[in-house]
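Below you'll find the structure, written out as structure tokens, and then a few comments.
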Amino acid sequence: MAESPIVHIVGARPQFVKAAVVLAAAPRPERNVLVHTGQHYDASMSAVFFEELAIPAPHHHLGVGSGPHGAQTGAMLAAIEQVLLASSPGVVVVYGDTNSTVAGALAASKLGWRVAHVEAGLRSYDRSMPEEINRVVADHLADALLCPTARAVEQLAREGLTRGVTDTGDVMLDVARQQAARARELTPVGRHLAGAPTTPAPAPLDALPPEAARPGAYALATIHRAANTDDPSRLRALVSALGRLPLPVLFPVHPRTRKAMERAGIEPSPSVACVDPVGYLAFAALLEGAGLVLTDSGGVQKEAYFAGRRCITLRDRTEWPETLEGAWNTLVGDDPEALVSAVRSAAPTTAPRIDQFGDGRAAHRTAALVDALA
Ligand code: UD1
Ligand code: UDP
């Protein structure tokens, strides 16, 4: 009898990064079927990750695109259901906390198929974040809960979830380790920052003043959370605060944020260089070269921690509290004054970074577990 397939559901930028290493570690690659919901679709938000991280082309591209939560999640649910009915999977693997995650988990569990959730057990304890709702629902539907940290395992236990729970380590640490040398050596920004500077600096560093396009001389910023982008006055205050920092800011702007800035007529000050989103490798090189990281992203907080770069997080809460230890990460909420003063007082930290995210082999553990489950 033919083996039942392992169906992986992805759709948004951080999911391509996570699935890249899990798919690469699959003991039997031919069993794995990749479904792209189409939640992210710009080349800089999707195709670049498939190219750089050698992710196989999706077997199914659902082309769902953007929309309000209900319409987007509902369209994904209906389209994923069709794929699952046609493929009779042994297990459906969902990643992280986006609408693609919850749609995949719901479609599979309603059809009676097993669900594996990669990045299970994270909690910000803030239900106003759509991601919190997505991750709680996905965890409670999942049969295999694959946790990045010991804290995630404990958080699940507090909700009564103990069956099928494994601390695999964090697949994003695997990617960061696997790609660090490529980021430094293969990208023009990586080579420039690693000691082979060129004049002019390569894009997107050329958007900064020339003296800022060197290691430690700029801050790297990303903003895309609904809470920070949907309220024009809040976004205006944050972007204006970026312009009052003591160092220039390189700001690869998420399309959601670009549109919100355009709608509200927000013009950043000249010390804030707004550029298009960059690929994984260039971003890793820019992060390694940054003097400081400013973000509201979940993944970027951790990547800053992995790279030993201080991070200031434009949120009240984080689902990665491990990064707050040793002052590697500071939460400043949406208060622009708190942001400016945190940056001004940010001394380099020498606190040890505790090895809480695994050993860099989380993807192998994850791939082996889902292969055994299917
Ligand atoms: C989504 C996830 C969020 C994750 C983020 C990663 C949900 C609820 N949110 O947020 O958890 O942190 O992805 O980046 O699932 N857009 C484009 N081109 C694209 C993609 C989006 O222009 O390729 C624009 C559209 O105007 C769209 C908006 O961005 O309406 C928001 O996109 P969406 O995928 O709904 O949410 P994100 O903010 O990207
Ligand atoms: N990232 C990227 N280019 C960018 C910004 C981010 O490649 O211009 C990568 C980043 O390295 C991380 C992932 O995108 O691996 C994080 O995605 P995002 O911040 O959009 O989502 P979140 O982690 O908050 O869900």
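Taking the Cβ of L186 as the center, what net charge do the other residues with Cβ under 15 Å away carry, scoring Lys and Arg +1 and Asp and Glu -1? Working shown, then result.
Details: positive: R182, R184, R191; negative: E51, E52, E185, E288.
Every neighbour counted, the sum reads -1.
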Legend entry - Candidates per chymotrypsin sites (Phe, Trp or Tyr not before Pro) in region 71-136, loop by DSSP, up to 14 other Cβ within 10 Å: Y125
Inset, instruction - Please name whichever of T187, T162, G63 sits farthest to the positive end of the charge dipole of region 63-194, dipole taken about the Cα centre and charges placed at Cβ: Lys and Arg +1, Asp and Glu -1. - result: T187
Legend entry - Considering only the chain, percent of DSSP beta bridges that pair antiparallel, nearest 5: 0
Inset, instruction - Springs between alpha-carbon atoms under 10 Å, Gaussian network over the chain: tell me which of I312, I80, I354 tops the mean-square fluctuations. - result: I354
Inset, instruction - Just tell me which lysines come within less than 30 Å, Cα to Cα, of K302; anything on the same chain fewer than 8 places away is out. - result: K18, K259
Inset, instruction - Sum -39500 (n - 2.57) across every DSSP H segment of at least 4 residues in the chain, then divide by the residue count to get the 222 nm mean residue ellipticity, nearest 500. - result: -12500 deg cm²/dmol
Inset, instruction - Please identify, among A212, A290, A142, the residue showing maximal mean-square fluctuation in a Gaussian network model of the chain using a 10 angstrom Cα cutoff. - result: A212
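For the chain, what percent of Cα pairs sit more than 40 Å apart? Write down the numbers at each step before the final one.
Working: 7879 of 69751 pairs.
When every Cα pair of the chain is considered, 11 percent fall beyond 40 Å.
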Legend entry - Local electrostatic count, V332, Cβ distance below 14 Å [Lys/Arg +1, Asp/Glu -1]: +2
Legend entry - Gyration tensor (alpha-carbon) shape descriptor, region 88-154, a/c threshold 1.5: oblate
Legend entry - Point-charge dipole on Cβ atoms (K/R +1, D/E -1) for region 97-206, about Cα centre, debye to 20: 160
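Rounded, prolate or oblate: which fits region 44-145 when a ≥ b ≥ c are the square roots of the eigenvalues of the alpha-carbon gyration tensor, with rounded for a/c under 1.5 and prolate only if a/b beats b/c?
On the way: a/c = 1.35, a/b = 1.12, b/c = 1.21.
Note, shape of region 44-145 comes out rounded.
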Legend entry - Dipole of region 177-315 [Lys/Arg +1, Asp/Glu -1 at C-beta], most positive-end residue of L281, F306, L220: F306
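Could you give the dipole magnitude of the chain about its Cα centre, charging the beta-carbon of Lys and Arg +1 and that of Asp and Glu -1, in debye to the nearest 20?
In total the dipole reaches around 160 debye.
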Inset, instruction - List the lysines whose Cα lies under 16 Å from the Cα of K110, skipping any in the same chain that are fewer than 8 positions away. - result: none
Inset, instruction - Taking the Cα atoms of region 273-374, report the difference between the largest and smallest coordinate on each principal axis, in whole Å and largest first. - result: 51, 31, 24
Inset, instruction - Would you mind checking which residues have amide H under 5 Å from I312's amide H? H placed 1.01 Å from N; only 5 or more apart, or other chain. - result: V293, L294, T295, T330
Legend entry - C-alpha center-to-center spacing [region 104-167, region 171-193] in angstrom: 30
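Bear in mind these aren't lab numbers, they're just calculated from the coordinates by the rules spelled out. Please read these numbers as outputs of a predicted model, since none were measured by experiment. Ideal geometry is used to build each Cβ from the backbone, glycine not excepted, and the neighbour counts take in all protein chains shown.
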